Amino acid sequence: MSGAGAGRLLIDPAAVAANVARLRGPRRTPLMAVVKADGFGLGARALARAALAGGASRLATATVAEAYEVADLGVPVLAWLMSPDELADQRARLLGSSAIEVAVGSPEHLAAALGRCRPGADAVSRPLRIHLFADCGMSRDGCPDYDWATLCEQVREAERAGLVRCVGLMGHLACGEHVEEPCHRGGTATFDRAVEVAGAHGLRPGLRHLAATSAALGAPGTHHTLLRTGAGLVGIDPAGLGRLQPAARLEAPLAQVRRVPAGASVGYGHHHHIERDTWLGLLPLGYADGIPRSASSRAQVTVDGVRRDLLGLVSMDQCVVDLGERMVPAGTVATVFGPHGPSLAEWAAWSGLLEHEVLTGIGRRVRRLTQPVGATEQVA
Ligand SMILES: *Cc1c(COP(=O)(O)O)cnc(C)c1O
């Protein structure tokens, strides 16, 4: 079923590489490329390869299953989102992987990482590599302040016993770019304190990572020893600070073209009435492919270099483009978003979604392709 439609979502590795360089900034802070949610919809392996070619030195994902997808690319992969049970279930497999590292954000996760919640778990053959994750004000993932010192102490003990190796300290900011706001200052202060407390317990790993895309671009003081960025790789710049390059393009050839007279109506419910004779093109992408229905009758696509309105309601599999006076043949490619077409930011505004939501929402019928300069080839 995957890739069964006519739509194509292309990733431009050169744009990803340029974004890696831009995110790393003048000090060239090392960068861990976050390729969660199937590489923000572009394909985890394609995004990972492009980021690594562009200078990223590590990878990260949310779930462990996602980490395995990119575990053979030759660099460490951090996964940070799992329950203690999942961690306990995965433990043996994780110990067998030389690439995967996991975040530990609670004493319960540590117990799972040590195999302590599974009576009779095998003695470990080598230490599991972990990153200690402090909650820096999100109240989401990461270890709450009240458990941090205990967690550090337990990790140090487990390190001495050769059961784990703490290779990193991490946090995540609720307000990455707003450097003057209490939300940002509170988060960075919490991380600094967490680093201090860890140090006092003898944990001084070389990796300290706090900054995701918005902080990487807007708050150089948060860079520490490693960036942990995802959205910025594909050109999404939440704070509008970054001069990033769009790395994604969604396109499809028009499936049909027809002439309609004034007075005709378009689509379900006849939401749009044609006022003047016009040409309509059928775009074979609908809300099942991730074209947000909420963008109906606001959105545009680019056909033959010209911006064209979508008319009527977006259907599940298709929507209708007003081609105006000019007949273009069926098969002409329409750019939904990307370079030389509308931007993801425009689609976000038209649909009331985040750019992240639009991109990660592109459906499975759309083929994922990688497009080096001058050529189009299938993603392996
Ligand atoms: C998603 C996520 C990131 C990456 O954030 P971007 O804004 O996409 O760069 C980093 N760390 C954590 C914990 C995340 O959830």
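The values are calculated or read from the model by the stated rules, or taken from the named source; none is laboratory data. All values derive from a computational prediction rather than experimental measurement. Neighbour counts are summed over all protein chains in view; Cβ atoms, including those assigned to glycine, are modelled from backbone coordinates with ideal geometry.
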Inset, instruction - Inspect all residues belonging to the stretch 300-308 and state whether any of them is in a loop (DSSP other than H, G, I, E, B), of a type outside the set (F, W, Y), more than 22 Å from A15 (Cβ to Cβ) and in contact with a helix residue (DSSP H, G or I) (Cβ under 6 Å, 6 or more places away or on another chain). - result: no
Inset, instruction - Give, as residue ranges, the strands (runs of 3 or more DSSP E) completely inside the stretch 154-240 that count at least 1 residues that are within 14 Å of the ligand (Cβ to nearest atom) and closer than 30 Å to P342 by Cα. - result: 227-229
Inset, instruction - Considering every residue within the stretch 95-107, establish whether at least one is among the charged types (D, E, K, R) and farther than 25 Å from R49 by Cα. - result: no
Inset, instruction - Six or more apart or on different chains, Cβ under 6 Å: which pairs go from a residue in the stretch 191-216 that's over 16 Å from R160 (Cβ atoms) and at pLDDT 95 or above to one that's within 16 Å of the ligand (Cβ to nearest atom) and aromatic (F, W, Y)? Could you list them? - result: L210/F191
Legend entry - Top-ranked residue in the stretch 18-72 [being of a type in the set (S, T, Y) and either surrounded by fewer than 22 Cβ atoms within 10 Å (Cβ to Cβ) or within 15 Å of H223 (Cβ to Cβ) (or both); ranked as farthest from the ligand (Cβ to nearest atom)]: Y68
Inset, instruction - Out of the residues in the stretch 138-153 that are among the hydrophobic types (A, V, I, L, M, F, W, C) and assigned to a helix (DSSP H, G or I), state the one that is surrounded by the most Cβ atoms within 10 Å (Cβ to Cβ). - result: L151
Inset, instruction - Of all residues in the stretch 166-189, count the ones that are more than 25 Å from the chain's Cα centre (by Cα) and buried (at least 16 other Cβ atoms within 10 Å of the Cβ). - result: 1
Legend entry - Exclusive hit being in contact with a Cys (Cβ under 8 Å, 6 or more places away or on another chain) and not acidic (D, E), set L323, L280, L285: L285
Inset, instruction - Report whether or not G137 is within 14 Å of the ligand (Cβ to nearest atom) and in contact (Cβ under 8 Å) with a residue 24 or more places away in the chain. - result: yes
Inset, instruction - Kindly state which helices (runs of 4 or more DSSP H) lie completely within the stretch 40-120 and contain at least 3 residues that are at pLDDT 95 or above, under 30 Å from D12 (Cβ atoms) and in contact with a strand residue (DSSP E or B) (Cβ under 9 Å, 6 or more places away or on another chain). - result: 44-53, 64-69
Legend entry - Single residue of the stretch 241-267 satisfying the filter (within 16 Å of the ligand (Cβ to nearest atom), among the small types (G, A, S) and not in a strand (DSSP E or B)) that is nearest to the chain's Cα centre (by Cα): A247
Inset, instruction - Please determine, by comparing only the residues of the stretch 320-349 that are surrounded by 17 or more Cβ atoms within 10 Å (Cβ to Cβ) and part of a loop (DSSP other than H, G, I, E, B), which one is farthest from the chain's Cα centre (by Cα). - result: V328
